[in-house]
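Visitor: This is the structure I want to talk about, given as structure tokens.
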Amino acid sequence: MPLADKAASKLLAKEGPDGSSKFDNPAVGDFQVLDALVEYPGSFDLKIIGVDDDTFVSDIRKAVAGCLTNGEDNVIKCSTREKGKYTSITLKVRVENSTQLYKCYEVINEDKRVKFKF
């Protein structure tokens, strides 16, 4: 079965408190799409591209670590690539649940130097 079909099946199998499929109604309760697609705890690569300056990498790393249960201990790996006026950061992090993962993206998004993240 292709990966996309497995993900869709997994989503459809999860039901909200009202019996509706969470795929049909992703706003049911505290449900997040990543709850249905991903097993937790797990490791994730966060890719962030932003304006290169002296503190961008350390600021992003510190902000993401603040979202994680064991802080800096759960930032497994950090690699950077500098190219012109932008820096690309890849952070491998361990998250306990989708709330932590969404919070990481939220704090990344708050930094005005960030141009792209995935």
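Each value in this text was obtained by applying a stated rule to the coordinates, not by laboratory testing. Bear in mind the structure is a predicted one, so any value in this text is a computation, not a measurement.
Visitor: Considering Cα pairs under 8 angstrom that are at least six residues apart, work out the relative contact order of region 40-118 and quote it in whole percent.
Guide: After rounding, I find 46 percent.
Visitor: Using the Karplus equation 6.51 cos²θ - 1.76 cosθ + 1.60 (θ = phi - 60°), what ³J(HN,Hα) coupling, rounded to whole Hz, does each residue of region 41-46 give in order, writing x for Gly and Pro?
Guide: x, x, 9, 9, 9, 9
Visitor: Would you please give the residues with an amide H less than 5 Å from that of residue 52, counting only those at least 5 places away or on a separate chain, with H modeled from the backbone geometry?
Guide: Here 86, 87 satisfy the definition.
Visitor: Per Stokes-Einstein, at 20 °C and 1.002 mPa s, what whole-number D in µm² s⁻¹ belongs to region 40-118, with the Kirkwood radius over Cα pairs as the hydrodynamic radius?
Guide: Answer, rounded: 174 µm²/s.
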